[in-house]
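Note sheet for the following structure.
What follows draws every value from the coordinates through simple rules; no lab data is involved. Computed from a predicted model, the values in this text were never measured in an experiment. When we count neighbours, we look across all protein chains shown, and the Cβ atoms used for this are built from the backbone with ideal geometry, even at glycine.
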Amino acid sequence: MILKPMVRNNICTNAHPRGCEVETRRQIDYILARKPRYAGLPERPTAVLVIGCSTGYGLASRIGATFGFGVPTLGVSYEKAPSATKTGTPGWYNNRSFEAAARKAGIPAKTIDGDAYSKEIKAETIKAAKELGLSFDLVVYSLASPVRTDPATGVMYQSTVKPIGEAYSGRTVNAFTGHLGEASLEPATEAEVAATVKVMGGEDWELWIAALAEAGLLAKGVKTLAYSYVGPALSWPIYRDGTIGRAKAHLEATAPNLNSRFASLGLKAYVSINKALVTRSSAVIPIIPLYISTLFKVMKERGTHEDCSAQIDRLFRDRLYAGKNGGVPVDAEGRIRLDDLEMLQGVQAEIEARMAHITQENLGRLADVDSFRVDFLRAHGFEVPTVNYEAEIDPDYDPLSS
Ligand SMILES: NC(=O)c1ccc[n+]([C@@H]2O[C@H](COP(=O)([O-])OP(=O)(O)OC[C@H]3O[C@@H](n4cnc5c(N)ncnc54)[C@H](O)[C@@H]3O)[C@@H](O)[C@H]2O)c1
């Protein structure tokens, strides 16, 4: 069939298998081009677990570990294979493409698909690690999920993106029509705040580390990483000071708890504050598409724009394994800052000035809405250069067996 993106209410409900494959390959090639620089690092991991491995920052982390360091990985994600009526999810094709490339390179990689929050998937991951004889010295926690069922109680929690305390309204842009508009959100209830912390906070990160430690699968001196975002003050009412920010504060507070709870293993837990990038969920958050479009324009003009692969490449080579002064460079709160280029004062001042003056007429000059739209579609395998979207494609196309 001929596959075109099916976008409704800023959500894309299908994926292009070949586009996902080419896009995954592009990320692999980016890291392979930098492989010689990994060889010279004073430290390196030997076996890596990536929880949330199929898209975004998790996929980039797995690609960095596999093709930068050449080490075996286990990956966990929640993706859907294609069915008679639907394409697979982007992450399903990405995983298959990644595994095909890892297999070709002779680097062990196994992916477990299922609910990472559940006891069953943790047990399955532990079993697979034992079968492969892996003892992890890096565990990356990169889940982004709208729901979580608490394994202890069976209660399902739903995360929301809402302000806390008062309603928020701000300007936003529809990346698909290019129209500027206003969006408002009512404040979250206390139950919504608590539920978002349950889903996106650090509780499950700690459960994973505890399960792996109990199974004896963490190497001495293991590092574990979770990802977070801070962003500029103009996004705080909806992000940092909102429901998601509350969950991120919990995630960030989990790192020192892990360090003391697993001190006998010499475990080091880090939260890395990454750059804002377009993902499947960022299109639906008010202000964020307008902010990211302006950010991209300013960073591209300065030649400092990065994607997930570039961020993770810098995380591994300049932060986690750089051995700088015998440690990992962190901010006053113990966090790794990969958002340093985004948060540069000059960049933020320029964004603020532009956002204050953006009109429908000057939007194309001050912001890069098209990049937002293209990156969003590319995360679903569309708008990938070199892919012929007029050609027939079988949604069952499996990069691993092709
Ligand atoms: N995208 C950004 O701008 C940005 C910036 C800074 C930090 N972060 C953080 O990085 C992390 C990853 O975000 P992303 O943007 O790469 O997200 P993403 O949506 O691209 O990836 C999420 C991953 O989680 C997996 N997943 C979701 N629910 C699951 C479940 N129940 N069981 C197993 N796997 C599940 C998905 O399969 C996927 O692999 C998040 O913590 C996010 O807050 C993102």
Practice task
Mind pulling the per residue volume of the convex hull built on the Cα atoms of the stretch 39-103? Å³ is fine.
Solution key: 76 Å³
Practice task
Measure off 7 Å from each Cα along the Cα-to-Cβ vector at VAL147 and GLU43, then give the distance between these two points in nanometres to one decimal.
Solution key: 3.9 nm
Exercise for the section: Order the peptides 357-368, 301-312 from the highest to the lowest mean number of other Cβ atoms within 10 Å of their residues. Expected result: 301-312, 357-368
Practice task
Indicate, rounded to the nearest 5 percent, the antiparallel portion of the DSSP beta bridges found entirely in the chain.
Solution key: 30 percent
Handout entry: Furthest towards positive pole of dipole, TYR57, SER97, GLY75, structure part the stretch 38-125, Cβ charges
Key = SER97
Problem - Antiparallel content of DSSP bridges confined to the stretch 207-348, in %, to 5 - result: 10 percent
Fill in the blank from the handout: Long-range amide H partners of VAL271, meaning residues 5 or more apart or on another chain whose placed amide H is closer than 5 Å, are ALA226, ILE336
Practice task
In whole angstrom, note down how far apart the Cα centers of the stretch 1-74 and the stretch 325-367 are.
Solution key: 25 Å
Handout entry: Antiparallel content of DSSP bridges confined to the stretch 1-137, in %, to 5
Key = 20 percent
Exercise for the section: Sort the stretch 317-389 into rounded, prolate or oblate with this rule: let a ≥ b ≥ c be the square roots of the eigenvalues of the Cα gyration tensor; rounded if a/c is under 1.5, and if a/c is not under 1.5, prolate when a/b is larger than b/c, oblate otherwise. Expected result: oblate
Handout entry: Label point at ALA84 placed 7 Å out along Cα→Cβ; residues across the stretch 371-402 whose backbone nitrogen lies under 19 Å
Key = 394-397
Problem - Highest-first arrangement of 388-398, 168-178, where packing means the average Cβ count within 10 Å - result: 168-178, 388-398
Fill in the blank from the handout: The farthest towards the positive end of the charge dipole of the stretch 159-294, of the residues GLY216, ALA233, PRO286, given +1 on Cβ of Lys and Arg and -1 on Cβ of Asp and Glu, is GLY216
Fill in the blank from the handout: By the Cα gyration tensor axes a ≥ b ≥ c (a/c under 1.5 gives rounded; else a/b larger than b/c gives prolate, otherwise oblate), the shape of the stretch 1-157 is oblate
Problem - Net dipole in debye of the stretch 330-379 [+1 Lys, Arg Cβ; -1 Asp, Glu Cβ; about Cα centre; nearest 20] - result: 160 debye
Fill in the blank from the handout: Computed on Cα atoms, Rg of the chain relative to 2.2 N^0.38 Å comes out at 0.96
Completion exercise
Taking the dipole of the stretch 353-392 about the Cα centre (Lys, Arg +1; Asp, Glu -1; charges at Cβ), the one of THR359, VAL384, VAL369 that reaches farthest to the positive side is THR359
Handout entry: Estimated vicinal HN-Hα couplings, Hz - the stretch 368-381 in sequence order (Karplus 6.51, -1.76, 1.60; Gly, Pro = x)
Key = 10, 5, 5, 5, 4, 4, 5, 4, 5, 5, 4, 5, 10, x
